Amino acid sequence: MRKAALVLTIGLVLTLGVTSWALAAPAEQAAEKPSGLSAGLLGLAAAIAVGLGAIGTAWAQSRIGSAAAGAMAERPEIGGLMLVFLALPETMIILGFLVAFFILGKI
């Protein structure tokens, strides 16, 4: 559990650092679209945002899925509720796509 939290924290810091460094431009270049290394780093930040969102979603759904299977074996009537719980982590990947969309809009 601690390793996963450490990896996610490092990934978040890396994403924020790469994005802020790529977007930090002098005042005269602020109106232009990033090019070269800045555009590449923005692409990397977008990929990290989607990738970490997907990893977090997969990790959460694996835990929820196994718990849901055990709970439904004992009480089959809670199947609909378990589907709701299984769909909740999908918001992480949707937000990752949204962040990547906004980052790539800068390129």
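Brief remarks on what is shown
- Set side by side, the residues Pro76, Pro26 differ, and just one is over 14 Å from the mean Cα position of the chain (by Cα), exposed (fewer than 11 other Cβ atoms within 10 Å of the Cβ) and at pLDDT 80 or above, which is Pro76.
- Residue ID - farthest from Leu8 (Cα to Cα), chosen from residues in segment 50-85 that are touching a Phe, Trp or Tyr at 6+ places or on another chain (Cβ under 8 Å) and touching a residue at least 40 places away in the same chain (Cβ under 8 Å): Val50
- Residues located in segment 86-107, provided they are free of Cβ contacts under 8 Å to residues at least 40 places away in the same chain, among the small types (Gly, Ala, Ser) and assigned to a helix (DSSP H, G or I): Ala87
- The test for being at pLDDT below 85 and either surrounded by 13 or more Cβ atoms within 10 Å (Cβ to Cβ) or not aliphatic (A, V, I, L, M) (or both) holds for Ala39.
The values are calculated or read from the model by the stated rules, or taken from the named source; none is laboratory data. Just so we're clear, the structure is a prediction, and the values are computed from it rather than from any experiment. Don't worry about glycine lacking a Cβ; one is built from the backbone with ideal geometry, like all the others, and counts go over all protein chains shown.
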